[in-house]
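A.B. asks: Quick one: structure below, then a few questions.
The values are calculated or read from the model by the stated rules, or taken from the named source; none is laboratory data. Here the structure is a predicted model, which means the values were calculated and not measured. As a convention, Cβ positions derive from the backbone with ideal geometry for all residues, glycine included, and neighbour counts pool all protein chains shown.
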Amino acid sequence: MAYEPIMWQRCSQMIRSRQEAEDVLSDLRLRLFGQLERQPDLLDSIQNIAAWMRRVASNHCIDYLRRIPRTCDLESVDVQLEGNICWQPHALCPERQACLQEEIDVLERALGSLPKPLGDLLQQRCIQGIEYHELAVIHTLSEPNLRKRVQLARRQLRSRLDTAAVSSARR
């Protein structure tokens, strides 16, 4: 219990909301008490307990962050928009509307950060819905080559969205 302020500080640094940080800290306390109950001599073998507690709290927070769904996920935007064919943002609650707008903004920034040729291909295929064979003719590429470029663009976009999700989770 003497090291709880250290663990609280680490949890509050890594988790975005105070309430979530308190929940994570509570879960961490339970795990540590269980561990110390099974291994009562554990703390005797550790030279720097404060550093160890900080590391344990960091790892626990990372595990928690990995378990929660990402906020900026291309698939979740697709599902939200596909589920409501006649998409009307004013019909959504303000919180959900703000979340969707944030996801769309992040998606637009990520699309804009792709190399121009890849971003254009991905936008033409996935947003405008142009078929592969038509795009191949427009860009004078073979269809397999075009498919590979769109796949590469999707992979880069997914990577940028993952980076955006991690950075927004840290805030």
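A.B. asks: Taking helices (runs of 4 or more DSSP H) that do not extend beyond the range 75-145, which have at least 1 residues that are modelled with pLDDT under 85?
C.D. replies: Details: elements: 94-113, 116-122, 132-139.
The qualifying helices (runs of 4 or more DSSP H) are 94-113.
A.B. asks: Among (1) more than 18 Å from the chain's Cα centre (by Cα); (2) surrounded by 12 or more Cβ atoms within 10 Å (Cβ to Cβ); (3) at pLDDT below 85; (4) not aromatic (Phe, Trp, Tyr), there is one condition VAL150 misses while meeting the rest; what is its number?
C.D. replies: Evaluating VAL150 over (1) more than 18 Å from the chain's Cα centre (by Cα); (2) surrounded by 12 or more Cβ atoms within 10 Å (Cβ to Cβ); (3) at pLDDT below 85; (4) not aromatic (Phe, Trp, Tyr) leaves (3) as the failure.
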